[in-house]
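The values are calculated or read from the model by the stated rules, or taken from the named source; none is laboratory data. Keep in mind that this is a model prediction, so the values were computed, not measured. Neighbour counts run over all protein chains shown; Cβ positions are idealised from the backbone, glycine included. Accessible surface areas use protein heavy atoms only, side chains included; no ligands, DNA or RNA. Shrake-Rupley method; radii C 1.70, N 1.55, O 1.52, S 1.80 Å.
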Amino acid sequence: MSPGSATIAAIATPPGTGGIAIVRVSGPDAPAIARRLTDRRNLAPNTIHRCALYSADRTQKLDDGLLAFFQAPHSYTGEDVAEFNCHGSDWLARKILEQCLLSGARLSAPGEFTRRAFLAGKLDLTQAEAVAELISAGGELSLALALRHLEGDVSAGIKNLRAEFLAALAGLEAALDYPEEIDAPAPAGIINLLQAAQRQVAQLLADSSRGLLIKSGANIVLAGKPNSGKSSLFNALLKYDRAIVTEIPGTTRDALEAEVSLGGLRVNLIDTAGLREAADQIERLGIERSRAHMQSAELVLFLLDAETGLTPAERQILADLEGTRHLVLINKCDLPHSLDYPGALPVSARTGANLDLLEQKILESLNLRNIDLSKKVYISSLRQKDRLIRAAELIARTLESSQTVAYLDLLAAPLKAIVVTLGELTGEETSAEIIEEIFANFCVGK
């Protein structure tokens with residue numbers, strides 16, 4: 001049985017109670033199931049129909065809802081697709097899914113709808129990965145990046161590059177097969193192609209760290225001595241009270257984490273225990289965790305207390321932070337103070353002073369300030385980066401060979417390897433194992 005021969009069904013909306021729930025069905029039996037579970041007999045394609053929803057044996061009315069029907073090949077999967085829109089009861093959605101399964105569908109595997117879209121040629125592999133990125137987008141930047149990938153900004157350049165290598169390979173192989181009729185391609189042309197490809201791939205790899213950071217988000221740690229205002233700033237950035245704030249030093253004993261969007265970037269914000277000589281074992285463990293978070297974070301926000309000034313211990317921590325990504329903040333700047341530190345940003349967790357500037361400084365520190373997704377391609381997939389690294393290695397070796405080999409036929413195999421590697425990136429050439437691995441990470445229903 002081919003992957004697309006069975007009819008599949010799944011709940012396409014998140015579990016729980018909501019305004020609506022959607023049960024999606026795709027495959028050859030989708031029209032029959034739609035007719036069996038509704039009072040609609042004529043299914044106009046690409047149309048939403050108001051309908052009553054019934055049990056598979058027609059003995060029970062389940063809901064008044066909507067039926068969206070998309071006729072192959074004009075659907076997400078390229079197959080006939082029916083989507084049952086019911087009121088957002090989790091129990092009701094599961095009940096309708098059960099009726100679909102009783103009517104001949106089987107439960108969809110994770111990512112199987114998008115996998116069928118890929119196999120039907122609706123999406124290439126980079127666009128399929130972008131679907132998962134859209135679903136998990138946690139900020140304006142990651143959403144915009146996923147949309148660019150879904151529009152094909154990664155695959156467009158790679159496919160064009162692969163087409164150029166295919167043309168060069170075809171010319172070379174034709175000259176080898178018919179040496180008396182077809183002239184061999186000029187070595188200079190192949191060298192120019194390899195050099196241009198080397199620059200293009202190198203640029204994609206150089207920018208990949210930013211793409212991966214936009215997709216995954218950044219761990220940002222708030223650090224400083226007790227009562228420097230870490231928890232207050234934590235709450236101010238979250239815009240709600242998550243951490244307990246008191247005048248008692250050492251209130252935060254363990255790291256608190258919360259997700260927030262700062263400047264459009266998804267951030268895992270971590271409030272840590274105050275750094276000092278611990279008075280007890282519990283606080284000591286909390287401080288050890290603080291230091292561990294500081295070492296693994298993409299960015300450390302180190303808070304100085306404007307009221308108390310800079311201590312020798314803080315000077316040592318600042319010295320230890322040299323060479324790492326960090327910002328120094330002078331908190332409580334709304335109070336009278338004389339504290340000054342080169343490059344430090346005055347902020348006030350209490351009044352919100354300079355918090356908008358802090359967001360800009362965070363993006364600047366992470367090399368994401370004024371990033372223009374329309375002018376550059378930022379890959380955000382480790383799989384794609386791995387294939388680009390492999391392509392870069394092959395291009396470098398082939399370029400070296402092209403300048404030393406006596407016979408052009410020796411370049412046919414390395415050129416073919418480059419074509420295959422670039423094809424693996426977009427999915428034009430890939431294995432069943434890679435496809436299974438990618439779509440297994442999707443949610444059921446997408």
remark   = Flagged pairs (Cβ under 7 angstrom, 6 or more apart or on separate chains; first in the stretch 318-335, touching a residue at least 12 places away in the same chain (Cβ under 8 Å); second hydroxyl-bearing (S, T, Y) and open to solvent by 40 Å² or more (accessible area, probe 1.4 Å)) are V328/Y341; I330/Y341; D334/T351
remark   = How many residues of the stretch 70-91 are over 30 Å from the mean Cα position of the chain (by Cα) and farther than 13 Å from A21 by Cα? The answer is 1
inquiry  = Against the condition touching a helix residue (DSSP H, G or I) at 6+ places or on another chain (Cβ under 7 Å), over 13 Å from F84 (Cβ atoms) and basic (K, R), how does R41 come out, does it pass?
reply    = yes
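Take S55 and decide whether it is among the hydroxyl-bearing types (S, T, Y) and either free of Cβ contacts under 8 Å to residues at least 60 places away in the same chain or touching a His at 6+ places or on another chain (Cβ under 8 Å) (or both). Can you show your working first?
Details: among the hydroxyl-bearing types (S, T, Y): yes; either free of Cβ contacts under 8 Å to residues at least 60 places away in the same chain or touching a His at 6+ places or on another chain (Cβ under 8 Å) (or both): yes.
Taking the combined requirement at face value, the residue satisfies it.
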key: Condition met for A56 (surrounded by fewer than 16 Cβ atoms within 10 Å (Cβ to Cβ), farther than 15 Å from G445 by Cα and not acidic (D, E))   = no
Residue check for L204: in contact (Cβ under 8 Å) with a residue 60 or more places away in the chain, touching a helix residue (DSSP H, G or I) at 6+ places or on another chain (Cβ under 7 Å) and assigned to a helix (DSSP H, G or I) = yes
query = Given the structure, is G343 open to solvent by 50 Å² or more (accessible area, probe 1.4 Å) and either assigned to a loop (DSSP other than H, G, I, E, B) or touching a strand residue (DSSP E or B) at 6+ places or on another chain (Cβ under 9 Å) (or both)?
reply = yes
key: Top-ranked residue of the stretch 9-52 - restricted to ones that are farther than 21 Å from G88 by Cβ and in a strand (DSSP E or B), ranked as most open to solvent (accessible area, probe 1.4 Å)   = T47
request  = Confirm whether T252 is buried (at least 19 other Cβ atoms within 10 Å of the Cβ), modelled with pLDDT under 90 and either assigned to a loop (DSSP other than H, G, I, E, B) or out of contact with any Gly (no Cβ under 9 Å at 6 or more places or on another chain) (or both).
outcome  = yes
note = The residue that is surrounded by the most Cβ atoms within 10 Å (Cβ to Cβ), considering only those in the stretch 107-137 that are of a type in the set (D, E, K, R) and not in a helix (DSSP H, G or I), is D124
task = Answer yes or no as to whether L141 is within 30 Å of I371 (Cβ to Cβ) and free of Cβ contacts under 8 Å to residues at least 24 places away in the same chain.
result = no
ask   = So which residues in the stretch 353-370 are open to solvent by 30 Å² or more (accessible area, probe 1.4 Å) and assigned to a loop (DSSP other than H, G, I, E, B)?
value = A353, N354, N367, R369, N370
